[in-house]
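Quick note: the coordinates plus some simple rules give every number you see, no bench work behind them. A quick note: this is a predicted structure, and the numbers were derived from the prediction, not measured. Here Cβ is always computed from backbone atoms with ideal geometry, including for glycine, and neighbour counts include all displayed protein chains.
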Amino acid sequence: MRRAAARLGIPIAAAMILLGIFMMCQPFSFALYPKGFGMVGIGTVLYIVCSHLRTEG
């Protein structure tokens with residue numbers, strides 16, 4: 001279970017970080033700007049947790 005969480009969690013966290021940065025930099029809607037900070041924060045915490053899980057058998 002830990003290996004699957006580490007394997008899947010890191011790409012999901014990276015995608016969340018990139019989406020959050022996009023939400024902060026886009027010129028279309030100001031409502032997405034503050035939500036981008038939360039997305040980057042949650043993605044960063046998820047990345048830190050998943051990167052500390054063991055991926056080896």
Contact order relative to length of the chain, as percent, for alpha carbon pairs under 8 angstrom and 6 or more apart: 49
In order through segment 14-28: 3J(HN,Hα) via Karplus (6.51 cos²θ - 1.76 cosθ + 1.60), integer Hz, x for Gly, Pro: 5, 5, 5, 5, 5, 5, x, 5, 4, 5, 7, 9, 6, x, 8
Helix-derived mean residue ellipticity, 222 nm - over the chain, DSSP H n ≥ 4, -39500 (n - 2.57), to 500: -27000 deg cm²/dmol
Neighbour-count order for 49, 40, fewest beta carbons within 10 angstrom listed first: 49, 40
